[in-house]
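To start, the structure itself, in structure tokens.
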Amino acid sequence: MTTVLVFHQVDDIDHWLASTNRETVFGPLGITVRTFVERIPAHRVGLLVEAPDLETLERAMGSEAAAEAMAADGVRPDTLVMFVEH
């Protein structure tokens, strides 16, 4: 398993938290996601992602389904930062 921390900003934190798109897009690939929000609301969120391997996660992130889910969830893609566990 590969563990990745992901941070990005969203338009509406409550909308993002309520979304099932993460499970729909990543779940079938064996990728699990735990969500976090910044204590001081600043539209910044985080995820702890567990993926079978980095290649699977990168393919999923580059997919049309992920792009559509991010758009629907109000993710600001230009703010996305990923940290891979070593």
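Take every pair of alpha-carbon atoms less than 8 Å apart whose residues are at least six positions apart; their mean separation over the length of the chain yields a relative contact order of 49 percent.
Please work out the FRET efficiency for the pair Thr24 and His86, using the Cβ-Cβ distance as r and a Förster radius of 22 Å; give the result to the nearest 0.05.
Plugging the Cβ-Cβ distance into 1/(1 + (r/R0)^6) gives 0.15.
The order of Glu58, Glu64, going from fewest to most other C-beta atoms within 10 Å of their C-beta, is Glu64, Glu58.
Since every read-out is calculated from the coordinates, none of them should be taken as a lab result. Values in this document were obtained by computation on a predicted structure and should not be read as measured data. Please note: Cβ atoms are built from the backbone with ideal geometry, for glycine as well, and neighbour counts cover all protein chains shown.
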